[in-house]
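Notes to accompany the following structure.
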Amino acid sequence: AVLVMSGGVMAQNMDSVEGDFQALQALYHSTQGSDLPTLRSSNDLPHHSNATYPYMYMINGDIWWVKFNRRGGTSSWQNAGKPWTDKTGWENMTPNTMGNAVGVTTDSNGRVIEVDMQKITTEVYSGNRLFTTGNNLVGEIPAEVGNLKKVRKFNVKQNFLYGSLPPELGFMRDLERLSLAGHHWELDMDNKRLWAESSHMHTSTGDDPFSYSVNGKDVPATNRFKTELPPEIGSITGLKIFEFSHQFVQGTLPSEWGNLTELQGLFIDRPRNVENALYSEIPSSWGNMTKMRYFRIAGSTRLSLFGPLPPGMLGWDELVNFAVYDNDLSGEVPVFQNLTEVFYFNIARNNFTGEFPWESIFNGNNSRLNKFNISGNNISGQMPSTVPDAVFPAQNSGGRYRVAAFEVHSNNLSGEFPHWAHNMISQMTFNISFNDFSGPFPEGAMDNSSLKTFRIQGNNFSGELPDKEWATDGMNWFQIQNNNFEGEIPDSWATLFQDDDGNWRSGTEFRFDGNNFSGRVPDWGKHIDVNRYWFHTNRFTFVDIGPSYGDLQSALGGSYRIDNQKPFGKSRTVRKPSGSRVVIDMSEYHYSGNRYQWVKDGKALSGETSSVLELSSVGSSDEGAYTLEVTNSSMSGLGTHVSQPITFSLGNDDG
C-alpha cells in the first residue's frame, strides 16, 4: 500500500521480506555520497570557517568533512576515506541473502530485525579501549526505511548522514532502539548502565566530553542531520532508546512523543547552531514517559529549552541520568520523588529558583550517585546540617556518599557549609564557589585521595587553615581566593603539590589571593609547573615575601603574583597622657632593602624614615592615625606596603 505522510511525502509501506529488501537497497544506494558536491583536490576546499552545510565534499572518491570544535565552531578539514568501508553482502544482496550483509540481522522468517551500521569498524583509542566508528555511510536516510516493520534496532551513528529525518521512521512499529547520532557507547537497559559509563560518559567536572578522535575521526558524532523532530516517531509506542546528539535540530519538541511510554533513554544533547534552532518548552505530555532513565537535552552552544519542567516529569522515579544543563529552564527547583538510581544529576546553568530539596537526592538510597551539578542557577537557602547516611556502600564508607563531582557554584546559597557535603568519598571535583557560605575551611575534603579540583572562592569562609596534610596525590585546580581566611599557610599544605611518594606534581591553578593571609609565603611553586600561583591581595609583608621571591620569580615568572597587598599588621589605639613618650615599633617587619616612611592622617612626616616612630612629650597636635609605608629596592615591582592604622589619642595610659 502507498501511504501519504505529513508534508505530502510518499513511501511504500510494505510489511514483508520484499519490503525489507527494498528498504535496505534504498539505504545502500542513497548513502554512497553521490549527492555531495565534488572537488578536484583538497587545495580547492574553502577555508573551514567558510564551509556551509552539510560541511562535506567528495574528492577523488574520498569523504572530506569539517570537524567541529568544542564550542560548535569549525575546526579543520578531515579525510574520512571512501564511502561504505565494508560492503560485505550489500552489493549483490537479494531478499534471501539479507542476513549475510554486514550490519544486518534477520530472524528465522527472513525478516530484518536489526540494522547496525555503527559497529562495523573497530579502532583503538587511549591504550586498550576499543571504539566503533561506523561504516562511512554518506547521504540521507531514505523514506523506504519505513518498510522495516520488524526491526527492533536501527543504529546509524558515527557515519556521515545528513539532511532531514524522514517521517516514515514512524512506520517502524517494532523499533526499540533508534540510534541516529551520538556517542560511541550503548545503553545496557537490563543493567541500567551505559556501556563504558565509567570511561568517557562524563568528565571529572560533571560535564560531558564534546569530542575526541580516533585516527582523525570525531568519535561522538559525525552525522550532520538538519531537521525537525518528526512527530510520527511518537507512534513507535514500544521505543525504548532515541539517540540524536550533536545535530542541527530545528523547531520544537513534538507533543506526540508523549505516547512513548516505554522510552527509557532520550539523548538530544549538544544540538548545534542552525536557523530555526530547537527552542521549546518540554511538552506536558512528556510526563507520561514514566520509565525514563536517561534524559539528556543539554550542553548546547545555544539555549534549547525554556519554561518549567512538566509536573509529570517529577514522578520519574527510575532516573539514572538527568541532564538539562545549559538551557533556559525556569521556575521552582524540581523536586523528584523516590529517586534511588541516580548516577548523574545536572541542571546547571538554567534559571531555577527557590531552595533545593537536598534530601530528594541525598536520601540515603542513591547508591550510585556519582555526579551532582546545580551550579549557575538562582538557588537560595541553606544546606541542611545533616542528610540520611548513604545506605550503600555504608559498609566501607561510614555512610558517606561517593560523589566524584559535587558542584553547586554560582548560586545564592548561604549559611555554614555542612560537614556531610565536604566529607564525601571518591571526589574528583568539589566546586561550591561564588555563593555566600560561611564558617571554617571545609576540612573533610582534605581526606579525599581522588580530589583534583577544589574551588571554594567567592564565599565568606573564615578562620585559619587546618594544619594537616592533604590526601590527594596531586591537585590540578585549587582556588580559595576571595574569602576571609587569615593566619599562616601551614607547611603541611605542601602535600597539595605532592603525590603519595612525596614527588612534586604540577597543576594548573593554585590561588590563595583575596584573603587575609600573613606569615611566610610558601615556596612550593619553585618545584612545579603551574599557570597561576597567586598570593596577591592578602596581608603579606616584604619579610614574608623576600625569602622565596627570587626563586619563585625565576621558576614561574608571570605565573607568580604577590602584588597589591592589603594593609599589614593590626589596627589599634594607643592612649597616653599629655607629656608622655610614645613609641610605635614596627621593626618586626624589617627586611633587607626596606625603605620606610611614617604618615600621619595622610601626610608624610618629615624625617621619620625608620621602622620605629618615637613621639616625645605628646600633646594634642600628635593625636591622629599613623601608618607606615614600606617599599623594597629589591622588590620594586610590588609597590608600597602600608600598615594598618595606629590611632593615638590623649587619655589615661592604656599600657
Residues of the range 609-642 being part of a loop (DSSP other than H, G, I, E, B) and under 16 Å from ARG539 (Cα atoms), which ones?
GLY639, THR640
List every residue pair whose Cβ atoms sit under 7 Å apart, with the two residues 6 or more apart in sequence or on different chains, where the first one lies in the range 493-508 and is β-branched (Val, Ile, Thr) and the second, anywhere, is at pLDDT 90 or above.
THR495/GLU469; THR495/TRP470; THR508/ASN476; THR508/TRP477; THR508/VAL530; THR508/ASN531
On the basis of being at pLDDT 90 or above, within 23 Å of the chain's Cα centre (by Cα), closer than 30 Å to ILE425 by Cβ and of a type in the set (D, E, K, R), does ARG349 make the cut?
yes
Go through (1) under 18 Å from HIS409 (Cα atoms); (2) without any contact (Cβ under 8 Å) to a residue 60 or more places away in the chain; (3) surrounded by 21 or more Cβ atoms within 10 Å (Cβ to Cβ); (4) of a type outside the set (Val, Ile, Thr) for LYS452 and report which single condition fails.
(2)
I'd like to know if the range 446-464 contains one or more residues that are part of a helix (DSSP H, G or I) and closer than 26 Å to PRO384 by Cβ.
yes
Could you list, in sequence order, all residues of the range 133-161 that are over 19 Å from GLU232 (Cα atoms) and outside any loop (DSSP other than H, G, I, E, B)?
VAL138, GLY139, PHE160, LEU161
Expected output for the range 630-641 (first residue closer than 9 Å to GLN565 by Cα, partner in a helix (DSSP H, G or I) and of a type outside the set (D, E, K, R), Cβ below 8 Å, 6+ apart or cross-chain) is LEU638/PHE542; LEU638/ILE545; HIS641/PHE542
The correct count of residues that are under 25 Å from LYS240 (Cβ atoms) and in a loop (DSSP other than H, G, I, E, B) in the range 316-371 is 24
Looking at the range 562-572, can you tell me whether even one residue there is of a type in the set (A, V, I, L, M), closer than 21 Å to ILE480 by Cβ, modelled with pLDDT of 95 or more and in contact with a helix residue (DSSP H, G or I) (Cβ under 8 Å, 6 or more places away or on another chain)?
yes
Counting only residues that are free of Cβ contacts under 8 Å to residues at least 40 places away in the same chain, among the polar types (S, T, N, Q) and surrounded by 15 or more Cβ atoms within 10 Å (Cβ to Cβ), which one in the range 551-590 is farthest from GLY651 (Cα to Cα)?
SER559
With the structure loaded, tell me whether SER548 is under 27 Å from the mean Cα position of the chain (by Cα) and either surrounded by 16 or more Cβ atoms within 10 Å (Cβ to Cβ) or assigned to a loop (DSSP other than H, G, I, E, B) (or both) or whether it fails that test.
no
Quick one: LEU36 ticks every box in (1) under 41 Å from the mean Cα position of the chain (by Cα); (2) modelled with pLDDT under 90; (3) not in a helix (DSSP H, G or I) bar one, so which box is it?
(2)
Identify, please: which residue in the range 222-260 is part of a strand (DSSP E or B) and not charged (D, E, K, R) and is, among those, nearest to the chain's Cα centre (by Cα)?
PHE244
What number of residues in the range 393-444 are modelled with pLDDT under 90, farther than 23 Å from PHE352 by Cα and touching a Leu at 6+ places or on another chain (Cβ under 8 Å)?
3
Run VAL618 past the list (1) without any contact (Cβ under 8 Å) to a residue 40 or more places away in the chain; (2) surrounded by 14 or more Cβ atoms within 10 Å (Cβ to Cβ) and report the number of the one that doesn't hold.
(1)
Verdict on ALA390 being at pLDDT 95 or above and not in a helix (DSSP H, G or I)
no
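The values are calculated or read from the model by the stated rules, or taken from the named source; none is laboratory data. The structure displayed is predicted, hence computed values, not measured ones. Cβ coordinates were reconstructed from backbone atoms using ideal geometry, including for glycine residues, and neighbour counts include every protein chain displayed.
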